[in-house]
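Notes follow once the structure below has been shown.
The values are calculated or read from the model by the stated rules, or taken from the named source; none is laboratory data. None of these values were measured; they are calculated from a predicted model. Cβ sites come from the backbone with ideal geometry, for glycine too, and all protein chains shown count toward neighbours. Note: accessible area is taken over every heavy atom of the protein model, side chains too, but ligands, DNA and RNA are not part of it. Shrake-Rupley method; radii C 1.70, N 1.55, O 1.52, S 1.80 Å.
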Amino acid sequence: MTPRTLRIAQIDIARTIALIAMAVFHLTFDLEAFGFVERGTMASTPWIIFARLIAGSFIFLSGMSLVIGSLDGRPDIRKVLKRLGMIGAAAVVVSIATYFSIGYAYVRFGILHHMFVASLLGLAVLGWNSIALAAFGALILSFPHILPWPLFEGTGWLWLARTTPMPPMVDYVPVLPWFGVFLFGMATAKMIQSAIGWTVVAGMCDAQARPIRILSWAGRHSLLVYLIHQPILFSAVFAARYSIG
């Protein structure tokens with residue numbers, strides 16, 4: 001197994017856990033929309049924090065994956081372009097689908113859009129060491145606390161940071177400050193590589209063992225699961241609502 005083909009079951013399992021958390025969030029969102037749970041539940045502080053933790057986990061793992069896929073210092077350009085193409089296409093699909101399903105609150109720049117841009121930016125700093133990446137990430141995460149916020153006027157800057165005005169959106173993950181989480185993921189991956197090596201980490205877990213394959217399946221197909229889980233959950237809750245009248 002060469003570094004360029006290394007697949008880490010632990011990372012896939014972590015993605016699976018994040019996907020389960022996301023499904024719980026979206027199911028609760030659907031239940032509120034159809035009156036099964038109290039109105040305003042999803043706007044409460046615990047659920048807002050939960051949503052941010054879920055988004056942060058996906059972005060952090062994405063940063064780690066960028067480094068793991070380039071352990072010999074040379075990213076596999078074909079795989080990078082394929083991944084970027086899939087994420088970019090999925091982001092467009094999400095924007096179009098939410099525009100026609102929920103109107104003005106559609107996803108203008110959500111987590112998939114962020115991961116697309118963050119992956120491009122991450123390639124530019126791929127050669128940095130873990131300390132530099134972590135320091136840069138901390139600086140970016142601090143922006144809302146050291147700069148006037150919202151940062152810009154005009155919704156054309158929504159992709160970069162919060163603006164004035166802010167249209168309603170069901171998912172919003174701008175580059176600033178969330179790219180800082182991506183950088184922390186990159187820094188963590190580099191620290192682990194320096195400390196013990198990802199080949200050693202991969203060897204700690206038998207990826208072919210049936211329990212591991214079950215636990216990691218969703219994480220290995222995270223983009224597919226991300227795209228299909230909400231339509232399935234929404235349809236199920238819709239059917240339940242109108243089956244009981």
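Does anyone have the angle between helix 77-102 and the longest principal axis of the chain? Alpha-carbon axes, 0 to 90°, nearest 10?
Between helix and principal axis, roughly 10 degrees.
Helix-only estimate, please: 222 nm mean residue ellipticity of the chain, summing -39500 (n - 2.57) across DSSP H runs of length 4 or more and dividing by its residues, to the nearest 500.
Here the helix-only value at 222 nm equals -23000 deg cm²/dmol.
Compute the Cα gyration tensor for region 147-233, then decide on rounded, prolate or oblate, letting a ≥ b ≥ c be the square roots of its eigenvalues: rounded whenever a/c is under 1.5, prolate when a/b is larger than b/c in the other cases, and oblate in all that remain.
Note, shape of region 147-233 comes out oblate.
Compute the long axis of helix 210-220 from its Cα atoms, compare it with the longest principal axis of the Cα atoms of the chain, and write down the angle in degrees, 0 to 90, nearest 10.
The helix 210-220 is inclined about 70 degrees to the chain.
About its Cα centre, how strong a charge dipole does the chain have in debye, to the nearest 20, once Lys and Arg get +1 and Asp and Glu get -1 at the Cβ?
With only Lys, Arg, Asp and Glu charged at Cβ, the dipole is about 580 debye.
Rounded to whole Å, give me the distance from the Cα center of region 191-232 to that of region 74-149.
After rounding, the separation between the Cα centres reads 21 Å.
Taking θ = phi - 60°, what integer Hz values does the Karplus form 6.51 cos²θ - 1.76 cosθ + 1.60 yield along region 225-232, in sequence order, with x for Gly and Pro?
Along region 225-232, the couplings run 4, 4, 6, 9, 5, 5, x, 5 Hz.
In sequence order, what are the phi-derived ³J(HN,Hα) couplings for region 156-172 according to the Karplus relation 6.51 cos²θ - 1.76 cosθ + 1.60 with θ = phi - 60°, rounded to whole Hz, with x for glycine and proline?
Using θ = phi - 60°, the values come out as x, 9, 4, 5, 8, 6, 4, 10, 10, x, 10, x, x, 9, 7, 8, 8 Hz.
Tell me, what % of the accessible area of region 157-213 is carbon and sulfur with a 1.4 angstrom probe?
C and S atoms contribute 65 percent here.
Evaluate the charge dipole of region 134-245 about its Cα centre and quote only its size in Debye, nearest 20, assuming +1 on the Cβ of each Lys and Arg and -1 on the Cβ of each Asp and Glu.
300 debye
Against the longest alpha carbon principal axis of the chain, how many degrees, from 0 to 90 and to the nearest 10, is the axis of helix 111-124 turned?
20 degrees
If you build the convex hull over the alpha carbons only and average its shadow over all orientations, what do you get for region 24-167? Give it in nm² to one decimal.
If I average the Cα hull's projected area over directions, I get 10.4 nm².
Sorted by average packing, counted as other Cβ atoms within 10 angstrom per residue and highest first, what order do 221-234, 20-33 take?
Packing proxy ranking, top to bottom: 20-33, 221-234.
Using mean Cβ contacts within 10 Å as the protection proxy, how do 212-220, 38-46 order, highest first?
The densest-packed peptide leads the list: 212-220, 38-46.
For F109, what residues show an amide H to amide H distance below 5 Å, using hydrogens built from the backbone and excluding near sequence neighbours?
V173
Dividing the convex hull volume of the Cα atoms of region 98-245 by its residue count, what figure in Å³ per residue is obtained?
Output value, Cα hull per residue: 166 Å³.
For L158, list long-range residues whose amide hydrogen, built 1.01 Å from N in the peptide plane, is under 5 Å from its own amide hydrogen.
Here the answer is none, since no amide H 5 or more places off falls under 5 Å of that of L158.
Place +1 on the Cβ of every Lys and Arg and -1 on the Cβ of every Asp and Glu in the chain, take the dipole about the Cα centre, and give the residue among G40, I8, W157 whose Cα lies farthest towards its positive end.
Farthest towards the positive end: I8.
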